[in-house]
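Heads up, the thing below is written out as structure tokens.
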Amino acid sequence: MPVVSVFFGIVIRMFYREHGVPHFHAEYQGQQATFTFDGELLAGALHSKTALRLLKEWAVVSRQ
């Protein structure tokens, strides 16, 4: 899956051929989760509150 962004140890990936709700994959310290571009968690888990906050901010800024 292509890497779209990397910041503060968080890796964002997207694959253009996936179906369903538009989403991205995030990985942080070995944990993986899938989010909508509204910052809503779809699957997986990230246990860092800071990483979750940063991902939600990234999602909102990136959907434009």
**Asked** Give me the pairs: first residue in segment 9-23 and farther than 15 Å from Val60 by Cα, second residue at pLDDT below 85 and in a loop (DSSP other than H, G, I, E, B), beta-carbon distance under 6 Å, and six or more apart or on different chains, which are they?
**Response** Arg13/Met1; Phe15/Met1
**Message:** Looking at segment 31-45, can you tell me whether even one residue there is of a type in the set (A, V, I, L, M, F, W, C) and in contact (Cβ under 8 Å) with a residue 40 or more places away in the chain?
**Reply:** no
**Request:** Starting from residues that are modelled with pLDDT of 90 or more and part of a loop (DSSP other than H, G, I, E, B), keep the ones in segment 15-39 and report whichever is surrounded by the most Cβ atoms within 10 Å (Cβ to Cβ).
**Result:** Gln29
**Residue list for segment 21-39, restricted to those being more than 15 Å from Pro2 (Cα to Cα) and β-branched (Val, Ile, Thr)** = Val21, Thr36
**Prompt:** Is segment 44-54 home to any residue that is part of a strand (DSSP E or B) and either of a type in the set (Ser, Thr, Tyr) or out of contact with any Gly (no Cβ under 7 Å at 6 or more places or on another chain) (or both)?
**Reply:** yes
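The values are calculated or read from the model by the stated rules, or taken from the named source; none is laboratory data. The structure displayed is predicted, hence computed values, not measured ones. A quick note on method: Cβ atoms are made from the backbone with ideal geometry, for glycine too, and the neighbour counts reach across all protein chains shown.
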